[in-house]
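Following: one structure in structure tokens, then a few remarks.
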Amino acid sequence: MPGLTREELFRTKSVEQAIADTVEPEHRLRKDLGVRDLIVFGVGVIIGAGIFVITGTVAASNAGPAITVSFAIAGLACALAALCYAEFASTLPVAGSAYTFSYATFGELLAWIIGWDLVLEFTIGAAALATSFSGYYQEVVAGTSFEVPASIGSATDGSVDLPAVVVSLLVMVVLIAGIRFSSWLNQVVVAIKLMVILAVIVFGAAYIQPDNYSPFVPPSQPAPEGAGGFLDSTLISSLLGIEPSVFGIGGVIAGASVVFFAFLGFDIVATTAEETRDPQRDIPRGILGSLAIVTALYMVVSLVITGMQSYTEIDPDDGAPLATAFDVVGLEFMGRLIALGACVGLIVVVMILMLGQTRVGFAMARDGLLPQQLARVHPWFGTPWLFTLITGVAVATIGGLVDLQTLAHLVSIGTLFAFMLVSIGVVILRRNRPDLPRSFRVPAVYVVATASTLLCGYLMLNLTGGTWLRFLAWMALGVGVYLLYGRHHSRLAARERASEDA
């Protein structure tokens with residue numbers, strides 16, 4: 001494109017300038033959060049569709065009882081990336097998460113690309129969780145006067161998923177009302193979710209049948225008929241000419257790529273850095289603490305569920321597999337309790353994902369890469385209300401019209417891509433700015449960052465060709481938006497032009 005220079009694409013925003021922008025009166029966010037809020041935010045957003053829905057789907061379709069190993073692999077990838085996030089967030093406590101980190105290391109173009117990727121991760125993730133809420137809500141109200149007609153209860157079997165639309169719009173209103181209220185609501189709901197999960201473990205353990213764990217890693221089988229094309233096969237199998245299959249070691253690894261969706265959210269903690277009272281200390285604790293808690297819970301719950309019910313009997317299309325597992329063993333009251341807990345819990349997951357999206361969009365708008373009017377903070381509530389409004393409508397529309405599986409795969413690839421860039425970026429910033437104060441430093445940074453990058457990249461290759469095509473199409477659209485709008489309106493570019501004119 002004429003006039004497009006290398007210097008323009010790779011201009012970086014200094015750490016000092018990024019921090020200075022946070023004190024502008026019209027763009028200043030309230031600092032209301034402490035370490036407990038951050039851990040609860042992290043646990044609250046991670047415990048969602050992954051444990052309530054994806055567990056059954058992946059066990060039945062990919063890994064069998066070895067889904068526990070799939071969770072361990074995904075958890076390891078997250079732990080490595082989490083260390084890199086923690087150092088970045090303690091060094092650069094600014095809203096925007098990986099987008100802001102990339103702006104300080106890779107330059108404006110890649111910062112835009114990662115910001116655009118985070119839009120995919122958080123907005124699509126929120127929509128996916130809204131559809132999960134709808135499935136459990138309909139489980140709760142089935143047979144009552146509140147039962148949802150099929151025509152408005154599913155994007156797959158009907159015309160629209162109305163419960164997903166309604167919950168998205170209600171969450172939008174809560175977020176506009178303020179971060180403090182959102183945090184309080186999250187703490188209440190996380191307590192409810194944790195009690196439900198503990199009940200699953202305690203009651204379910206009594207109904208485990210050891211035979212259901214044999215074989216722990218089911219033998220590899222050919223992929224179901226009609227699922228062998230490029231769109232439905234993992235990218236690595238298509239590239240290497242491997243016949244598509246399910247289960248076996250390949251199925252366990254492919255399952256890790258899918259259940260990665262279950263860990264979506266710990267990076268949300270990094271997006272709240274600007275609203276944290278002591279971000280250098282509390283952000284690393286919030287990220288690592290929430291991830292450790294959730295990984296342990298996921299592994300235990302997946303063992304319980306596959307022990308209660310053979311993976312061959314789990315319906316991969318069941319929208320409420322945890323509840324169904326208890327129905328099968330005659331504990332219908334537990335099925336209802338799980339469905340009710342999931343309903344309440346998934347509302348908060350939608351809320352926190354939308355919170356992350358609004359903070360990333362807020363940071364991009366403040367930098368001029370999106371219209372700066374979107375970064376205006378409400379004078380009463382201290383929140384980016386206009387961007388929150390737009391996000392709420394987008395999530396409601398997508399959640400009402402698209403099925404969960406398609407959304408989950410898109411979120412996984414977007415998240416893995418973000419983790420790769422953060423892992424590389426932490427090394428670049430360590431080398432370019434060794435003078436910056438870092439209250440948290442990644443141990444053996446070159447080993448950890450390299451392992452994180454390679455593992456996340458490998459998990460991306462184990463997603464389907466169709467997922468890759470959708471992801472690349474979204475990223476191509478993002479590059480087009482940057483070239484047509486962002487590069488011309490960037491505040492960093494405006495400062496450079498003003499400096500040259502002076």
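Which order results if Met351, Met364 are arranged by neighbouring Cβ count within 10 Å, fewest first?
Starting with the residue having the fewest Cβ neighbours, the order is Met351, Met364.
Take the Cα atoms of the stretch 6-501, find their three principal axes, and give me the spread along each one in whole Å, biggest first.
74, 52, 41
Quick one: if you stick a label point 7 Å off each Cα along the C-beta vector at Ala451 and Ile152, how many nm between them?
5.2
Between Arg376 and Ala205, what FRET efficiency comes out of the Förster formula 1/(1 + (r/R0)^6) with R0 = 56 Å and r the beta carbon distance, rounded to 0.05?
That gives a FRET efficiency of 0.60.
Largest first and in whole Å, what are the equivalent-ellipsoid semi-axes of the stretch 250-381 based on the Cα gyration tensor, each being the root of 5 times an eigenvalue?
Computed over the stretch 250-381, the values are 37, 17, 15 Å.
Using the 10 angstrom Cβ neighbour count as an exposure proxy, how do Trp184, Trp380, Trp385, Trp112 rank, fewest first?
Lowest count first: Trp380, Trp184, Trp385, Trp112.
Under the √(5λ) rule applied to the eigenvalues of the Cα gyration tensor, what semi-axes describe the equivalent ellipsoid of the stretch 58-127? Give them in Å, descending.
Each semi-axis is the square root of five times an eigenvalue, giving 30, 16, 9 Å.
Normalised by the residues of the stretch 6-501, what does the relative contact order come to in percent, with Cα pairs under 8 Å and at least six apart?
After rounding, I find 34 percent.
Along the three principal axes, how long is the stretch 393-502 when you take its alpha carbons, biggest first, rounded to the nearest angstrom?
In descending order, the Cα extents are 51, 42, 23 Å.
Going by how many other Cβ atoms sit within 10 Å of their own, how do Arg430, Arg359, Arg366 line up, fewest first?
Arg430, Arg366, Arg359
Values in this text are rule-based calculations from the coordinates and carry no lab data. Small disclaimer: the values here were computed from a predicted structure and weren't measured. Cβ atoms come from the backbone with ideal geometry, glycine included; neighbour counts cover every protein chain shown.
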